[in-house]
1. Using the Kirkwood formula on the Cα atoms of the chain, what hydrodynamic radius do you get, in angstrom to one decimal?
2. On C-alpha positions alone, give me the angle between the axis of helix 206-217 and the longest principal axis of the chain, in degrees, nearest 10.
3. Taking 7 Å along the Cα-to-C-beta vector as the label spot, tell me the Asn258-Thr85 distance in nanometres, rounded to one decimal.
4. Listed highest first by mean packing, meaning other Cβ atoms within 10 Å per residue, what order do 175-185, 126-136 come in?
5. State to the nearest 20 debye the size of the charge dipole of the chain about its Cα centre, where the only charges are +1 on K and R beta carbons and -1 on D and E beta carbons.
6. Of Pro211, Gly232, Gly193, which is farthest towards the positive pole of the chain's charge dipole, taken about the Cα centre with +1 and -1 on the beta-carbons of Lys, Arg and Asp, Glu respectively?
7. For a test of the definition: using alpha carbon positions, the gyration tensor, and the 1.5 limit on a/c, classify region 121-240 as rounded, prolate or oblate.
8. Just to be sure I understand: with springs between alpha-carbon atoms less than 10 Å apart, which residue in Ala39, Ala79, Ala164 has the highest mean-square fluctuation in the Gaussian network model of the chain?
Amino acid sequence: MKIPYYHIDAFAETPFTGNPAGVCLLDSWSESLFLQRIAAENNLSETAFVVPDGDAYALRWFTPTIEVDLCGHATLATAFVLDLTGRISKWPVHFSTKSGMLSVAKENDIYFLDFPARPAEPCSPPTDLIKGLGVMPRNTLKSRDYLAVFDDQEQVINLEPDFATLASLDCLGVIVTAPGTDVDFVSRFFAPGAGVPEDPVTGSSHCTLIPYWAGQTGKQQMVARQLSERGGELICQNNDQRVRIGGRAVLYHSGSINI
């Protein structure tokens, strides 16, 4: 059995930056355990599996340890691969997923994700969040993930998380964020409980970050940067119940998985 496979750097303009994602092109669904084993073998933050579904595509995402309900960079990577291989006749392309119908549009060389907004509500910071981050955030909120807000980007850069402690929290991951010096806001994302200690560039976290910073700044269009080692920039737009997240992608390698 050969599965066409692509390794894409998403939210990137050059290789070795942004967030790497695996994309597997399937004719039909295989057992979830089989897909999970492929994702574990790839050992990337996410591997996407895509299947034709009428005029759209069905899409699933797996970390090395679990299936997730939403992934931005692997969705961007999937749209890029479908475009690269001539499978898209018109834009936007639509994906049926665990988070409902998602779409990706293309404008010049930028791919724009249309995702559901996930506004966060204020909450008291759990003890393990403070212990895991090693410092008290200015504000704490929660949606799918905890959102820890700091005063400036240097605090975000200098965080040295205790991943074992963060993995015990009742959430998928922890978003840390602050105003940026040359962009509207910056962030990092930690999801050790999902097998991803620090994600390089996270589309899904911006479903929470965009409405938060739109409320703080009054801006509906913003530019964001994720301050991981690889780094990446995202074009952001707040659309009430939806968010629009834009970025580029590059092909690192292509081939096949042989099983």
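Rule-based calculations on the coordinates, nothing more; no lab input. In this text the structure is predicted, and so the values were computed from the model without any measurement. So basically every Cβ, Gly included, is an ideal-geometry build from the backbone, and we count neighbours across all protein chains shown.
1. For the chain, the Kirkwood estimate is 18.3 Å.
2. Compared with the principal axis, the helix lies near 40 degrees.
3. 1.8
4. 175-185, 126-136
5. 420
6. In the chain, that residue is Pro211.
7. Prolate, because a/c is 1.5 or more and a/b exceeds b/c.
8. Most flexible of the set in this elastic network: Ala164.
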